[in-house]
Amino acid sequence: MWTTLASMMGIWAFSQSLLTAVFPPELRYVTLKFIHRICNWFSAYCYYDITEIDGVNTNELYNAVQLYLSSSASITGNRLSLTRGLNSSNITFGLSNNDSLIDTFNGVKVLWEHIVTPRNSQTFSWRPLPEEKRGFILRAKKKDKGIVLTSYLDFVMEKANEIRRKNQDRLLYTNSRGGSLDSRGRPWESVPFKHPSTFATLAMDPEKKAEIMVDLLDFASGESFYQRTGRAWKRGYLLYGPPGTGKSSMIAAMANYLGYDIYDLELTEVHTNSELRKLLMKTSSKSIIVIEDIDCSINLTNRKNNNNSCSGGSSNNNSYNVSSPPAQGSGGEENGGNTITLSGLLNFTDGLWSCCGSERIFVFTTNHIEKLDPALLRSGRMDMHIHMSYSSFAALKILLKNYLGYDEDDVEKKILEQLEDVIEKAEMTPADISEVLIKNRRNKDKAVLELLETLRIRGERNHHHHHHHHNNSNNNNAVKSSVEDEEQEKRALVESPKEGVDDQLLEAKCDMEEKGGHDANDDEKVL
């Protein structure tokens, strides 16, 4: 038996070598391919591969499919992988390795399979790749090919975007110091944005509030309108008004209302116009780009030649560099200050560069609208100017509800009427009022009475102030609220003279600042 087996094996080995000689591997490969093709010809299915990394780029479709399947109501797999991100508030589940599930769309059945294979580690690549090769295989009937490739995949992408907006926590981004890149090569650093401000809690005139909400909704759902009119899909808001009137809360409410991320752009960290462009290119769509205190953050009145500020030739130019904001930034001194220009900023908001990406809202905030360059206020730059003013009676009622849980009926009618009388004259910001309410929030009646008293005192002081102002216009600094003083100090530190001014005037300004005799406004008048 053994000898028979041995001879059989000999014959097998011989015939195998003969086969290899007669049918070389190439020929066998072609035959197999041919057989495979015939099988495919008769098969009722076609297959699509969706890999995670496509060349060097991450495949957006892969991420979308993963999200879509995690929410799919037709989850039939017995084995799912659960994940929860570090700052996420939701648990997401997806297909675990090499598992499959069936999905139905408009009566068309498709099968999704998640394929994970170890990556060959010997291959050289320019960037580190994940250890596993991941991808989805989509199997569909050939007759449904048209529906699957067009409407079904579009539906998957749309659904994934919707889920991403609902589930994912908002992110607040800020540009890294000196334009440096983070580990993933992005110039933005992010933290989870969990600001509780909404339009319901915003102390503001309800009519104005409703108008803004309608405007935001029109914007978010207006893709076809923007396409039809040939406009970039973006919108600009300018929030202006005294400090403490809720400009930042307004931005947070916008983000929470639309489900957008916020990019807080720190202009003093951006040194050139091209750096500004790179930052914009790296922002995602469905986001709000915020530039706060546009009047302070940078000297944007440089309509004339910008080189004087960088040359640092004469002592006066040096004094400009010291007072210009980038002196604190990394590389501010070496780079000779900030070479970002007004035209660069305008191109960023409404030039060609503003439309790389879509669905972006630009928000500028300022405490002093009169100090802004007229070019920033021209129509088409900022679509909507929103004046955040002192607290009105309607806003006061919202604050009472927020902090004390009081509706209109809970406060005595007499007190309400008194509050209504004094609120306009008092010129108190929502921040001032909320401070009084928070302090006494345990004793609600006391809080209302103390607020009334504070409003009365403030109203009388303002009346006296205006009276005084009419009598003696030179002493208009005599009575000023501490907030305004603080604001002036902040501005005096950052304020830098306009370019192209005579050296004597510059020296005069410096002398004035040393004496401290005037505030920034007066300096500008002198200039």
For a quick check: with amide H placed at 1.01 Å from N, whose amide H comes under 5 Å from VAL363's, ignoring anything fewer than 5 positions away on the same chain? TYR237, ILE289, VAL290, ILE291
Accessible area of PHE364, 1.4 Å probe, to the nearest 10 Å²? 10
Can you run phi through the Karplus equation (6.51, -1.76, 1.60; θ = phi - 60°) for region 421-427 and list ³J(HN,Hα) in whole Hz, with x for Gly and Pro? 5, 8, 4, 5, 5, 5, 6
Reported to the nearest 10 Å², HIS463 has, with a 1.4 Å probe, an accessible area equal to 130
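Once a ≥ b ≥ c are taken as the square roots of the eigenvalues of the Cα gyration tensor of region 1-47, is the result rounded (a/c under 1.5), prolate (a/b larger than b/c) or oblate (a/b not larger than b/c)?
On the way: a/c = 6.26, a/b = 2.39, b/c = 2.62.
Here region 1-47 falls in the oblate category.
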Whole-Hz Karplus ³J(HN,Hα) for region 244-252, in order, using 6.51 cos²θ - 1.76 cosθ + 1.60 and θ = phi - 60°, x for Gly and Pro? x, 9, x, 5, 5, 5, 5, 5, 4
Heavy-atom accessible area order for PHE42, PHE193, PHE34, largest first, 1.4 Å probe: PHE42, PHE34, PHE193
Between region 391-437 and region 200-220, what's the alpha-carbon centroid distance in Å? 20
Please compare each pair in LYS159/LYS278; LYS166/LYS286; LYS208/LYS247; LYS209/LYS397 to a cut-off of 19 Å on the Cα-Cα distance and tell me which ones are over it. LYS159/LYS278
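The values are calculated or read from the model by the stated rules, or taken from the named source; none is laboratory data. Just so it is clear, the model here is predicted, and its values are computed rather than measured. Just the protein is used for accessible areas: all its heavy atoms, side chains included, with ligands, DNA and RNA removed. Shrake-Rupley method; radii C 1.70, N 1.55, O 1.52, S 1.80 Å.
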